[in-house]
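Inspection log for the structure reproduced underneath, given as structure tokens.
The values are calculated or read from the model by the stated rules, or taken from the named source; none is laboratory data. No experiment lies behind these values; they were computed from the predicted model shown. For neighbour counting, all protein chains shown are included, and Cβ atoms are generated from backbone atoms with ideal geometry for every residue, glycine included. Heads up: the accessible areas ignore ligands, DNA and RNA and are worked out on the full protein's heavy atoms, side chains in. Shrake-Rupley method; radii C 1.70, N 1.55, O 1.52, S 1.80 Å.
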Amino acid sequence: MYRSIWLFVLLLVGLGSSVNGQNATQSDVDRFQGAWQPAFMRNLEGQNATSEELKAIRLVVKDNGFTLTNKEISIAGTFTIDPSKTPKTIDLVLTGSKSDERFLGIYEIQGEQRLSCFALPKEKRPQVLRPSEKGYLMFEWKPAAP
């Protein structure tokens, strides 16, 4: 009898953590919604974007889709996140690309800012938001002005 009670308790705890994980994911997805502009960006060569370059970039997130534009290009895609991991993970797939060509990244939400760091497809996921080595795309996003 005690064994049955323990199995029932474990089942409830497992279901509760699964629901909490889904809630955490939806909560973070909700926090990404809207229009964003980078406050900071570092490219794959380790160079910081200029203020003019930052002003030209805009990210719009709707549901789990995004569009990233600047004066020259427009990129669209989808993302999935996992806030239960440490650090929190985010994967991007660009529209028209193969599903195995994912940009693996990590993210953090700090008040109104969204920090993220990505590796190129087929490269290992970054382990820190601000790696010192080259080969990663880093962003600090702030809400875009209307």
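The table below lists the values:
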read-out	value
Any pair with Cβ under 7 angstrom, 6 or more apart, that starts in region 53-75 at a residue that is open to solvent by 30 Å² or more (accessible area, probe 1.4 Å) and ends at one that is in a helix (DSSP H, G or I)	N64/V29; N70/A56; K71/A56
Close pairs from region 105-129: first on the phi < 0 side of the Ramachandran plot and acidic (D, E), partner part of a loop (DSSP other than H, G, I, E, B) and exposed (fewer than 15 other Cβ atoms within 10 Å of the Cβ), Cβ under 8 Å, at least 6 apart	E123/G135
When residues of region 76-94 are limited to those that are part of a loop (DSSP other than H, G, I, E, B) and in contact with a strand residue (DSSP E or B) (Cβ under 9 Å, 6 or more places away or on another chain), the one surrounded by the fewest Cβ atoms within 10 Å (Cβ to Cβ)	K85
Yes/no for G34 being small (G, A, S), touching a residue at least 40 places away in the same chain (Cβ under 8 Å) and either open to solvent by 60 Å² or more (accessible area, probe 1.4 Å) or farther than 25 Å from V128 by Cβ (or both)	yes
Of the criteria (1) in a loop (DSSP other than H, G, I, E, B); (2) in contact with a helix residue (DSSP H, G or I) (Cβ under 7 Å, 6 or more places away or on another chain), which one R114 fails	(1)
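Results for (1) basic (K, R); (2) more than 17 Å from Q47 (Cβ to Cβ), shown as yes or no for each residue.
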position	(1), (2)
S97	no, yes
R102	yes, yes
R125	yes, yes
V128	no, yes
S132	no, no
W141	no, yes
